[in-house]
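Working notes, beginning with the structure itself.
A short reminder: the numbers here are calculations on the coordinates, not readings from a lab. Bear in mind the structure is a predicted one, so any value in this text is a computation, not a measurement. Every residue, glycine among them, receives a Cβ derived from its backbone with ideal geometry; neighbour counts consider all protein chains shown.
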C-alpha cells in the first residue's frame, strides 16, 4: 500500500522553464511534508518542507504547494537550472511518530540546455 | 562538519554471512533512522531510535537488528544475509521530532 505516490517517474524540462513535480498521499494523518533531492551515489538532501497548517511555502527558486482536500502537493522550481537535474523524493510524516518519514518512489528531473 | 557518516560505503556478502553497518552523527541529534532504497520503491524505514538506548521497528524490520548504545552511533546488523537484502542503505538523523532529517551518503550492499 503506497501511502505516498509520485506517479511520474521522470520529467524533462528546458533550462529556464518551470519544473512541476507532483505528489499524492492517502494517509489523512500526514501533517508534515518534505521534498528531498538526491544525486547519484549521494544521500538525499533536504530541499523544502510544509506543514499542514499552510498551503504554500517558498524558498528562493523552490515553492511547495499543499492541497489538503485533494491530498496533493507539488514542488515548483523556477527557473530550472541544469544543476537541478536529480531525483526528487516527496516524503510525509504524521504528528507524534518520531518524525518517521514515508517516501514516494521519486521523480527523476532532467533539465536540458 | 561531517554530519552523518556511514561505514562502509560498499560491501559484498555471501548468503548467510553477517555484518554490521555503522552510522555516526556529530550533530547531537536525538533521533536516528535506517532506511533502505530499492528500485521503484523509494526509501523504506527499517528501524529507528528516539534516543540513546532506545530502538523501534519501522516498516521493513525483518532480518535486521539495531543498537544505539551511544547517542552518536546507530548500528544496523544483518545476522544471516539473504539476497533480498541487496539494497542501498541510508542512515538519517534529526534533532527532534518535526525537524528535517540529515542523511548519510549510503551503503551499497550486495548479497550473492
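Structure data summary
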quantity: Test result for residue B:48, within 14 Å of the chain's Cα centre (by Cα) and either assigned to a loop (DSSP other than H, G, I, E, B) or at the interface with chain A (Cβ under 10 Å from one of its Cβ atoms) (or both); calculated: yes
quantity: Members of region A:74-109 found to be over 10 Å from the mean Cα position of the chain (by Cα), more than 14 Å from every other protein chain (Cβ to nearest Cβ) and surrounded by 15 or more Cβ atoms within 10 Å (Cβ to Cβ), listed by number; calculated: A:77, A:80, A:84, A:85, A:109
quantity: Check on residue B:81, buried (at least 21 other Cβ atoms within 10 Å of the Cβ) and at the interface with another protein chain (Cβ under 10 Å from one of its Cβ atoms); calculated: no
quantity: Region A:9-63, subset free of Cβ contacts under 8 Å to residues at least 12 places away in the same chain and at positive phi, residue surrounded by the fewest Cβ atoms within 10 Å (Cβ to Cβ); calculated: A:60
quantity: Where residue A:12 falls short, out of the listed (1) within 14 Å of chain B (Cβ to nearest Cβ); (2) in contact with a strand residue (DSSP E or B) (Cβ under 6 Å, 6 or more places away or on another chain); calculated: (1)
quantity: Filter result (over 25 Å from residue A:2 (Cα atoms) and surrounded by 19 or more Cβ atoms within 10 Å (Cβ to Cβ)) within region B:59-74; calculated: B:66, B:68, B:74
quantity: Residue B:63 vs. criteria free of Cβ contacts under 8 Å to residues at least 60 places away in the same chain and touching a strand residue (DSSP E or B) at 6+ places or on another chain (Cβ under 9 Å); calculated: yes
quantity: Breaking point among (1) within 8 Å of another protein chain (Cβ to nearest Cβ); (2) buried (at least 16 other Cβ atoms within 10 Å of the Cβ); (3) more than 30 Å from residue A:108 (Cβ to Cβ); (4) touching a strand residue (DSSP E or B) at 6+ places or on another chain (Cβ under 6 Å), for residue B:56; calculated: (2)
quantity: Test for residue B:25: is it within 24 Å of residue A:48 (Cβ to Cβ), surrounded by fewer than 19 Cβ atoms within 10 Å (Cβ to Cβ) and within 13 Å of chain A (Cβ to nearest Cβ); calculated: no
